[in-house]
1. May I ask you to work out the translational diffusion coefficient for the range 85-242 at 25 °C, viscosity 0.890 mPa s, via Stokes-Einstein with Rh from the Kirkwood sum over Cα pairs, reported in whole µm²/s?
2. Would you order 36, 28 from fewest to most other beta-carbon atoms within 10 Å of each residue's own beta-carbon?
3. Among (1) 58, 38, 38; (2) 73, 48, 33; (3) 66, 50, 30, which is the computed Cα extents along the principal axes in Å?
4. Stokes-Einstein D for the range 1-115 at 25 °C, 0.890 mPa s, Kirkwood Rh over Cα pairs, in µm²/s?
5. Counting only C-alpha contacts under 8 Å and six or more residues apart, can you give the relative contact order of the range 157-271 as a whole percent?
6. So what's the gap between the Cα centers of the range 122-154 and the range 223-302, to the nearest angstrom?
7. Using a Gaussian network model of the chain with C-alpha springs under 10 Å, which one of 99, 183, 208 is most mobile by mean-square fluctuation?
8. Below 8 Å, C-alpha to C-alpha, sequence gap of six or more: please give me the relative contact order for the chain in percent.
């Protein structure tokens, strides 16, 4: 085992690339594992400590090779829309369990499994149920794994703030229901920093962390904050969830639907960190609030 090798599965994804960047900045040696690991690119000095490995998390042999010699393994692989054999069950349950077993057999000291706030077995959403089953399967294979549940991620080029900015171009913005769902969006770089701290030698060896941003606000207030930042005054229209579900069912025939029923089920329930779980404070961190970080996502106020 290499004393300081940290392997990041999904290292080219939205969260994974920031995790890789933070770890490299802290001087770690990082193995970036993805099906297409060529991107992103980092600084010349950092590239010297970066190993790029092409592997499919569903391939047991490739996973065993990828975790070999690692002190820490981070699973940041995510799937939000099922396509063919890329299913929630395959990625978030079976593949996550296989990675945990491979990490255990390789003598990995610490496994960090990225899940999501709200993961529960009784959700109507197949995605959310798979996240919950995945957590259980990982802990069954690697009992000392650390489960990290972020709230809705946002950052430069994200799906959350970017989609709201695009919606704000229209004169009327449709809301999910009355827009009363409580959200605690979390800056992707803060989550990456938390994962880096959990990868340290001195971090707790096991546990559950729920990571929410500094602000909790209702969806309609988030829409208003984005519009205000962009200098746009827009009418907000309440749209019942049943109509959204009908729209999502129609869009599901598209190869990459812009809206899914799983997203609607997520939006129908508060997405806020539990006070009973450890969070940023346990790691000595202060997360940023969504309004504080809007200039990074959308540029200066207009």
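What follows draws every value from the coordinates through simple rules; no lab data is involved. Bear in mind that the values here come from a model prediction, so they are computed numbers and not experimental data. We place every Cβ from the backbone using ideal geometry, glycine too, and count neighbours over all the protein chains shown.
1. Estimated diffusion coefficient is 139 µm²/s.
2. Fewest-to-most ranking of 36, 28: 36, 28.
3. Working out Cα extents along the principal axes in Å from the coordinates points to (1).
4. The diffusion coefficient I find is 176 µm²/s.
5. 41 percent
6. Cα centroid of the range 122-154 versus Cα centroid of the range 223-302: 20 Å apart.
7. In the Gaussian network model the winner is 208.
8. The normalised contact order for the chain reaches 17 percent.
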